[in-house]
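Below is one structure, written out as structure tokens, with a few remarks after it.
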Amino acid sequence: AQKITQTQPGMFVQEKEAVTLDCTYDTSDQSYGLFWYKQPSSGEMIFLIYQGSYDEQNATEGRYSLNFQKARKSANLVISASQLGDSAMYFCAMSRPSGGYQKVTFGTGTKLQVIP
Amino acid sequence: NAGVMQNPRHLVRRRGQEARLRCSPMKGHSHVYWYRQLPEEGLKFMVYLQKENIIDESGMPKERFSAEFPKEGPSILRIQQVVRGDSAAYFCASSPWAQNTEAFFGQGTRLTVV
């Protein structure tokens with residue numbers, strides 16, 4: 001069975017600094033996808049970044065990058081130049097093929113607080 | 001192009017009542033996924049539907065919960081005879097095809113059972 005682990009329930013970071021949010025996963029599938037979502041206090045789920053298991057380059061989207069270490073089964077999110085608006089819950093998720101579609105499992109989340 | 005629309009945003013029900021949660025996917029999306037988020041937890045998969053078909057309901061409780069995605073109209077998640085433990089945020093996501101690498105989420109419906 002697939003499993004996503006986020007070991008940091010909460011993190012603090014100084015504004016303008018970089019921060020890394022940890023995510024490890026467990027799967028026996030060769031083909032899978034890794035996602036990060038942001039959930040601000042308003043509650044919506046905002047897609048940030050995606051990495052396919054066969055992608056050789058780390059995914060980047062603006063200030064977000066995904067540090068994909070396949071052998072270690074880790075998919076850490078790096079946020080550069082933190083902003084106050086980055087304060088939110090961050091969820092790591094993994095998709096795997098299941099009966100012809102991609103079934104997604106979420107981690108328990110990391111609460112990030114950016115300090116001015 | 002409107003995003004995934006969920007309504008209502010907030011729903012209060014007394015124990016024993018029925019809750020109906022609606023999800024209109026993005027235009028052109030025929031795949032809908034429902035997730036439940038209990039307080040202080042991540043999202044848990046409930047059900048995956050295509051138009052008029054339930055594809056995977058392995059995450060749905062066996063009793064009181066049902067979902068549909070009719071040919072016309074929104075997808076509906078129905079919870080009958082709600083209990084306090086059903087209080088949660090319910091999210092709907094949609095994608096244009098099953099293998100999509102990114103699903104677009106609605107803003108969720110926060111159900112409170114009193």
How many residues are of a type in the set (D, E, K, R) and at the interface with chain A (Cβ under 7 Å from one of its Cβ atoms) if we restrict to region B:38-55? 1
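Find the strands (runs of 3 or more DSSP E) located wholly in region A:48-116 whose residues include 3 or more that are closer than 13 Å to A:W36 by Cβ, and list them. Break it down stepwise before answering.
Working: elements: A:64-69, A:74-79, A:88-98, A:101-106, A:110-115.
Those strands (runs of 3 or more DSSP E) span A:64-69, A:74-79, A:88-98.
Is it the case that B:R64 is of a type outside the set (S, T, Y) and either under 21 Å from A:V104 (Cβ atoms) or within 14 Å of chain A (Cβ to nearest Cβ) (or both)? Working first, answer last.
Working: of a type outside the set (S, T, Y): yes; either under 21 Å from A:V104 (Cβ atoms) or within 14 Å of chain A (Cβ to nearest Cβ) (or both): no.
Spelling it out, it is not the case that B:R64 is of a type outside the set (S, T, Y) and either under 21 Å from A:V104 (Cβ atoms) or within 14 Å of chain A (Cβ to nearest Cβ) (or both).
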Can you find, within region A:53-75, the residue that is surrounded by the fewest Cβ atoms within 10 Å (Cβ to Cβ) among those that are modelled with pLDDT of 95 or more and of a type in the set (F, W, Y)? A:Y64
Among the numbered criteria (1) farther than 20 Å from A:A93 by Cβ; (2) acidic (D, E); (3) at pLDDT below 95, which one does B:E41 miss? (1)
Is there any pair with a first residue in region A:91-103 that is more than 8 Å from chain B (Cβ to nearest Cβ) and over 10 Å from A:S31 (Cα atoms) and a second that is at pLDDT 80 or above and outside any strand (DSSP E or B) whose Cβ atoms are under 6 Å apart and which are 6 or more apart or on different chains, and what are they? A:C92/A:Q6; A:C92/A:C23; A:C92/A:G107; A:M94/A:Y32
Quick check on region A:10-39: of everything there that is over 17 Å from A:T108 (Cα atoms) and among the aliphatic types (A, V, I, L, M), which residue is surrounded by the fewest Cβ atoms within 10 Å (Cβ to Cβ)? A:A18
Of all residues in region A:76-85 being touching a residue at least 60 places away in the same chain (Cβ under 8 Å) and surrounded by 18 or more Cβ atoms within 10 Å (Cβ to Cβ), the one that is nearest to B:L43 (Cα to Cα): A:I79
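Does B:R14 count as over 24 Å from A:G107 (Cα atoms), in contact with a Lys or Arg (Cβ under 9 Å, 6 or more places away or on another chain) and modelled with pLDDT of 90 or more? Give the steps one after another, and end with the answer.
Details: over 24 Å from A:G107 (Cα atoms): yes; in contact with a Lys or Arg (Cβ under 9 Å, 6 or more places away or on another chain): no; modelled with pLDDT of 90 or more: yes.
So B:R14 does not fit the description; no.
Listed residues A:Q2, A:Q6; which is within 14 Å of chain B (Cβ to nearest Cβ), crowded, with 17+ Cβ neighbours inside 10 Å and farther than 20 Å from B:F104 by Cβ? Spell out how you get there, then give the answer.
Details: A:Q2 fails: crowded, with 17+ Cβ neighbours inside 10 Å.
Checking each option against the conditions leaves just A:Q6.
Considering every residue within region B:9-26, establish whether at least one is on the phi < 0 side of the Ramachandran plot, buried (at least 20 other Cβ atoms within 10 Å of the Cβ), touching a residue at least 60 places away in the same chain (Cβ under 8 Å) and within 14 Å of chain A (Cβ to nearest Cβ).
Going through region B:9-26, the residues on the phi < 0 side of the Ramachandran plot turn out to be B:9-15, B:17-26.
After this cut, where a residue has to be buried (at least 20 other Cβ atoms within 10 Å of the Cβ) as well, the list is B:19, B:21, B:23, B:25.
Remaining after also requiring touching a residue at least 60 places away in the same chain (Cβ under 8 Å): B:19, B:21, B:23, B:25.
With the extra rule that they be within 14 Å of chain A (Cβ to nearest Cβ), the set shrinks to B:23.
Within region B:9-26 (the criterion being on the phi < 0 side of the Ramachandran plot, buried (at least 20 other Cβ atoms within 10 Å of the Cβ), touching a residue at least 60 places away in the same chain (Cβ under 8 Å) and within 14 Å of chain A (Cβ to nearest Cβ)), the answer is yes, since at least one residue qualifies.
The values are calculated or read from the model by the stated rules, or taken from the named source; none is laboratory data. Small disclaimer: the values here were computed from a predicted structure and weren't measured. Positions of Cβ are generated from backbone atoms using ideal geometry, with glycine treated the same way; all protein chains shown enter the neighbour counts.
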